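Q: The structure is given below, and queries will be raised subsequently.
The values are calculated or read from the model by the stated rules, or taken from the named source; none is laboratory data. Because the structure is predicted, anything quoted here is derived from the model rather than measured. Positions of Cβ are generated from backbone atoms using ideal geometry, with glycine treated the same way; all protein chains shown enter the neighbour counts.
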Amino acid sequence: MSSGLLAAGFLVLFILLIAGFSVYERVRQGGRNLRDIPAISRLIYAIGLAVEDGTRLHIALGTSDMTGEQGAPALAGLSILDRVARTASISDTPPVVTSGDGALSILSQTGLAGAYREMGVGELHDPSQARLVGVTPFSYAAGTLPIIHDEHVSATLMTGHFGPEIALIAETADRADGFTLAGTDSLPGQAVLYAAAQEPLIGEELFAAGAYLRSGLVHTASLRAQDVLRWLVVGAILAGGIVKLFG
Amino acid sequence: MKSNTPIVSTAVAMLSGLVVLLLLLLPTNLDALYTALIRWAAALAAVALLVGLVNLVNVHIEKTSGGGADAANSGALLAAFGLTFLAAFILGPNGSAGGVEPANWLFQYVQVPVETSLMALLAVSLVYAAARLLRRVPNLFSIVFIGTALLVLLGASTLALGGPGLLVDVIAGVRDWITQVPAAAGARGLLVGVALGSVAAGLRILIGTDRPFGG
């Protein structure tokens with residue numbers, strides 16, 4: 001069997017699992033029963049605090065190239081942006097979103113506009129709150145730092161593709177006495193944010209955030225499908241190892 | 001009641017994603033269509049970058065009119081942007097004037113040194129972050145994290161231990177074992193989780209439940 005057909009079969013299985021778990025979640029009427037991720041509980045608290053204080057939330061989406069494989073963490077970041085923007089749309093100080101890619105910048109603008117429209121406050125949306133700040137990793141970091149310093153940011157959420165430069169952003173947010181939550185697909189980025197961010201999201205936790213922020217039944221269903229497939233992959237790796245060990 | 005779901009953009013996203021995926025995975029004779037779709041995406045990404053740059057300029061023009069320290073910084077950014085844009089627009093990315101290639105010169109002697117300085121600053125930030133980690137989360141995982149980082153750094157810098165010797169060999173051996181066994185195993189575990197999450201994020205757009213393009 002060709003690798004293309006194998007991958008197609010894997011995707012079909014993934015879709016079937018998502019569909020099955022969606023039905024299961026609908027029957028259970030949204031009772032979540034997901035393991036606790038303390039970082040996300042603190043994020044929800046920080047969003048509420050920022051709305052009450054009238055301080056600003058900063059969502060950093062990183063430098064993902066939307067036409068490449070780095071697009072997936074940016075999609076997870078956009079999903080988080082949608083939920084955060086809905087909650088913060090009632091705040092006096094709207095959230096600010098930074099990105100390092102043209103397409104991602106447009107998606108963050110339309111995402112913010114859509115969230116405000118859905119909340120019935122479309123007239124409050126300001127397109128300049130979603131900004132392209134730099135298109136290389138370090139120019140992105142350099143463009144983000146003044147925003148954290150100068151715009152009364154009380155919580156910085158870094159969700160997207162970041163390399164080690166994420167440490168500069170996390171440290172600046174920490175020095176501004178702000179809450180920092182960070183998740184990325186890059187391994188060097190994850191190693192750095194483990195030390196630099198107050199609440200690091202490790203591995204697939206970045207992609208799970210949507211389910212925890214109540215983005216819908218399909219997010220919870222896809223999380224359960226990922227769990228099932230992870231066990232299948234682990235089983236396949238172990239089986240491969242055993243077969244190789246015994247010839 | 002009027003629906004807020006953007007039907008046309010959702011349909012276009014689902015259809016184009018599905019077609020590209022099928023052409024990528026299944027054996028067909030439609031390579032030209034696949035290449036055309038990918039080229040359209042690349043062209044659209046370039047246009048999106050231009051739109052993003054207009055947004056960047058707009059934000060900084062607003063800041064310049066606001067006065068204060070922000071205005072000076074934004075003014076410097078606008079001046080540098082205008083200079084670079086004109087140099088590349090008039091002469092082309094590799095064009096030269098008086099034996100100098102302005103666009104390349106600006107990149108080599110402004111952009112690269114500034115980014116290298118930030119990288120140097122990053123080294124200091126990381127050391128500070130490591131020290132702060134022990135203060136913020138004083139538990140076994142933090143100690144293992146810092147201890148492992150120090151061991152790997154020590155194993156990579158034999159000069160600090162005075163050249164070859166038994167201690168150097170032992171530390172280098174420990175470093176190799178850490179990077180090849182537990183670090184590689186952990187990295188694979190993380191990558192499996194990230195890959196499954198990435199596929200799930202893509203599939204949610206393909207089935208139309210996630211619409212990052214608004215609505």
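Q: Let me spell it out: the conditions are (1) in contact with a helix residue (DSSP H, G or I) (Cβ under 6 Å, 6 or more places away or on another chain); (2) over 17 Å from A:THR67 (Cβ atoms); (3) within 9 Å of another protein chain (Cβ to nearest Cβ); (4) not hydroxyl-bearing (Ser, Thr, Tyr), and A:GLY114 meets all of them except one. Which number is the exception?
A: Checking A:GLY114 against (1) in contact with a helix residue (DSSP H, G or I) (Cβ under 6 Å, 6 or more places away or on another chain); (2) over 17 Å from A:THR67 (Cβ atoms); (3) within 9 Å of another protein chain (Cβ to nearest Cβ); (4) not hydroxyl-bearing (Ser, Thr, Tyr), the one that fails is (1).
Q: Can you tell me which residues in segment A:158-175 are closer than 24 Å to A:GLU69 by Cβ and more than 8 Å from chain B (Cβ to nearest Cβ)?
A: A:MET158, A:THR159, A:GLY160, A:HIS161, A:PHE162, A:GLY163, A:ILE166, A:ILE169
Q: Next question, about the same structure. Taking interchain pairs and intrachain pairs at least six residues apart, which have beta carbon atoms under 6 angstrom, with the first residue in segment A:232-247 and surrounded by 10 or more Cβ atoms within 10 Å (Cβ to Cβ) and the second among the hydrophobic types (A, V, I, L, M, F, W, C)?
A: Going by the 6 Å Cβ cut-off, the qualifying pairs are A:VAL233/B:VAL192.
Q: From the residues in segment B:20-71 that are facing another protein chain (nearest Cβ under 9 Å) and under 21 Å from A:SER2 (Cα atoms), which one is surrounded by the most Cβ atoms within 10 Å (Cβ to Cβ)?
A: B:LEU25
Q: Here is a further query. Looking only at segment A:212-237, count how many residues are under 17 Å from the mean Cα position of the chain (by Cα), more than 9 Å from every other protein chain (Cβ to nearest Cβ) and more than 12 Å from B:ARG204 (Cα to Cα).
A: 3
Q: Which residues, counting only those in segment A:91-108, are among the acidic types (Asp, Glu) and either touching a Leu at 6+ places or on another chain (Cβ under 8 Å) or not assigned by TED's automatic domain parsing to the domain that holds A:THR159 (or both)? Talk me through it step by step, then tell me what you get.
A: Initially, segment A:91-108 is screened for residues among the acidic types (Asp, Glu), giving A:92, A:101.
If the condition is that a residue be among the acidic types (Asp, Glu) and either touching a Leu at 6+ places or on another chain (Cβ under 8 Å) or not assigned by TED's automatic domain parsing to the domain that holds A:THR159 (or both), then A:ASP101 is the only one that fits.
Q: Same structure again: Specify which of the listed residues (A:GLY235, A:GLY189) is under 22 Å from A:PHE10 (Cβ atoms) and assigned to a helix (DSSP H, G or I). Working first, answer last.
A: Working: A:GLY189 fails: under 22 Å from A:PHE10 (Cβ atoms).
Testing whether each residue is under 22 Å from A:PHE10 (Cβ atoms) and assigned to a helix (DSSP H, G or I) leaves just A:GLY235.
Q: Of the conditions (1) facing chain A (nearest Cβ under 9 Å); (2) over 30 Å from B:SER9 (Cβ atoms); (3) under 20 Å from the mean Cα position of the chain (by Cα), B:ALA123 clears all except one; give me its number.
A: Here B:ALA123 meets the rest and fails (1).
Q: Picking from A:ALA113, A:ALA76, A:ALA88, which residue would you name as being under 15 Å from the mean Cα position of the chain (by Cα) and in the same structural domain as A:ALA167 (by TED's automatic domain parsing)? Show your work before the answer.
A: Details: A:ALA113 fails: under 15 Å from the mean Cα position of the chain (by Cα); A:ALA88 fails: under 15 Å from the mean Cα position of the chain (by Cα).
Answer to the selection: A:ALA76.
Q: Next question. Specify which of the listed residues (A:VAL27, A:VAL23) is at pLDDT 90 or above and over 30 Å from A:GLY122 (Cβ atoms).
A: On the way: A:VAL27 fails: at pLDDT 90 or above.
Criteria check complete, one pass: A:VAL23.
Q: Looking only at segment A:185-219, count how many residues are under 14 Å from A:MET158 (Cα atoms), among the charged types (D, E, K, R) and surrounded by fewer than 24 Cβ atoms within 10 Å (Cβ to Cβ).
A: Going through segment A:185-219 one residue at a time, the tally reaches 2.
Q: Looking only at residues that are of a type in the set (A, V, I, L, M, F, W, C), in contact with a Gly (Cβ under 9 Å, 6 or more places away or on another chain) and in contact (Cβ under 8 Å) with a residue 60 or more places away in the chain in segment A:55-80, which one is farthest from the other protein chains (Cβ to nearest Cβ)? Please lay out each step first, then the result.
A: Taking segment A:55-80 as the starting set, the residues that turn out to be of a type in the set (A, V, I, L, M, F, W, C) are A:57, A:59-61, A:66, A:72, A:74-76, A:78, A:80.
In the following step, the residues that additionally are in contact with a Gly (Cβ under 9 Å, 6 or more places away or on another chain) were identified as A:59-61, A:66, A:72, A:74-76, A:78, A:80.
If we keep only those that are in contact (Cβ under 8 Å) with a residue 60 or more places away in the chain too, we end up with A:59-61, A:72, A:74, A:76, A:80.
Numbers: A:ILE59: 13, A:ALA60: 15, A:LEU61: 11, A:ALA72: 3, A:ALA74: 8, A:ALA76: 6, A:ILE80: 11 Å.
Step by step, filter segment A:55-80, then rank; the result is A:ALA60.
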